[in-house]
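Participant: Have a look at this one.
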Amino acid sequence: MIRVLLADDQALVRTGFRMILDSAQDMRVVGEADDGQLAVAMTLELQPDVVLMDIRMPDVDGVEATRRICSGDTGIATRVLILTTFDLDEYVYAAIQAGASGFLLKDTLAADLLSAIRVVARGDAVVAPTVTRRLLERYIGLGNPPITPASRLDTLTEREREVLTLIAGGLTNAEIAARLYLGEGTVKTHVHRILAKLELRDRVQAVVYAYESGLVRAGAAEEP
């Protein structure tokens with residue numbers, strides 16, 4: 001059972017998401033918070049598997065709440081999935097750097113929302129390719145500190161660089177395997193090695209790193 005905490009300052013939005021999650025046999029909503037500070041407190045108390053976090057909330061916003069939840073000081077394994085309106089939301093990039101495991105548009109389809117929660121709960125990350133790229137194109141190079149030094153790119157093999165480029169394009173392991181004529185297990189091994197060598201947390205940070213390091217240019221990542 002995947003335990004989910006809903007954090008959004010609009011009661012109607014929380015109700016909508018609760019209805020969607022209640023329809024899934026493998027999920028349970030364990031609590032609701034209407035601001036970031038309460039979301040952090042409830043996360044520490046309830047230790048849900050996933051927090052669905054609205055990015056714009058009064059007092060403590062979703063970025064700061066994500067930072068507090070994902071800091072190494074908490075000692076919990078809760079993952080944060082950011083909810084946003086569209087790529088005009090300038091806080092999403094900061095939320096990724098704060099530790100979010102991905103983000104979804106608020107008007108995402110119910111099936112896609114449930115799938116994303118399952119992906120994040122098992123320790124992977126959700127990368128919405130088009131929205132991710134548009135955000136990165138807008139905010140990379142605006143003074144944000146890099147997640148990890150670009151020099152670490154030299155530690156990757158040619159094949160690992162190729163896989164990282166496709167990750168930045170939003171491709172899944174299965175899609176990368178088909179593109180490179182590899183087994184899906186082999187691709188998974190490459191992804192783990194890339195994350196370990198670059199000291200990255202997940203695929204979301206890998207996408208950001210691919211842009212920050214210059215491996216992928218804004219607008220040049222491949223479509224799935």
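What follows is calculated from the coordinates using simple rules that are stated; it is not laboratory data. Keep in mind that what you see is a predicted model, and the values were worked out from it rather than measured. Every residue, glycine among them, receives a Cβ derived from its backbone with ideal geometry; neighbour counts consider all protein chains shown.
Participant: Work out how much length Thr155 to Met19 would gain on full extension: take 0.36 nm times their residue separation and subtract the Cα-Cα distance, in nm to one decimal.
Facilitator: Details: separation 136, 0.36 × 136 = 48.96 nm, distance 4.63 nm.
Extra length from Thr155 to Met19 when fully extended: 44.3 nm.
Participant: Moving on. Can you give the extra length, in nm with one decimal, that the chain gains between Leu105 and Val60 once fully stretched, where that is 0.36 nm per residue apart less the Cα-Cα distance?
Facilitator: Working: separation 45, 0.36 × 45 = 16.20 nm, distance 2.06 nm.
Length gained, Leu105 through Val60: 14.1 nm.
Participant: Right, next: Please say if segment 150-212 is rounded, prolate or oblate, where rounded means a/c under 1.5 for a ≥ b ≥ c the square roots of the C-alpha gyration tensor eigenvalues, and otherwise the choice is prolate for a/b larger than b/c and oblate otherwise? List each step's numbers first, then the result.
Facilitator: On the way: a/c = 1.75, a/b = 1.51, b/c = 1.16.
Since a/c reaches 1.5 and a/b is larger than b/c, the shape of segment 150-212 is classed as prolate.
Participant: Amide H of Val80 versus every other amide H placed in the peptide plane: which residues, excluding those fewer than 5 positions away on the same chain, fall under 5 Å?
Facilitator: It is Val51, Ser101, by chain and number.
Participant: Take the alpha-carbon centre of segment 89-127, take the same for segment 5-49, and report the distance between them in whole Å.
Facilitator: 14 Å
Participant: Can I ask one more? Hey, rough spin-label estimate for Leu44 and Arg179, points 7 angstrom out along Cα→Cβ, what's it come to in nanometres?
Facilitator: 4.2 nm
Participant: Right, something else. Once you put a point 7 Å from the Cα of Thr85 and another 7 Å from the Cα of Met1, both along the Cβ direction, what distance in nm separates them?
Facilitator: Each label point lies 7 Å from its Cα, and together they span 3.6 nm.
Participant: Assign unit charges at the C-beta atoms only (+1 for Lys and Arg, -1 for Asp and Glu), then state the dipole size of segment 2-139 relative to its Cα centre in Debye, rounded to the nearest 20. Before the final figure, lay out the partial values.
Facilitator: On the way: 14 positive and 21 negative charges, 88 e Å.
Magnitude of the dipole: close to 420 debye.
Participant: Ranked highest first by average number of other Cβ atoms within 10 Å, how do 175-187, 156-168, 49-61 line up?
Facilitator: Numbers: 175-187: 15.4, 156-168: 19.1, 49-61: 21.1.
Highest mean packing first, the order is 49-61, 156-168, 175-187.
Participant: Got a sec? How would Arg3, Arg217 order by Cβ neighbour count within 10 Å, fewest to most?
Facilitator: Lowest to highest Cβ neighbour count: Arg217, Arg3.
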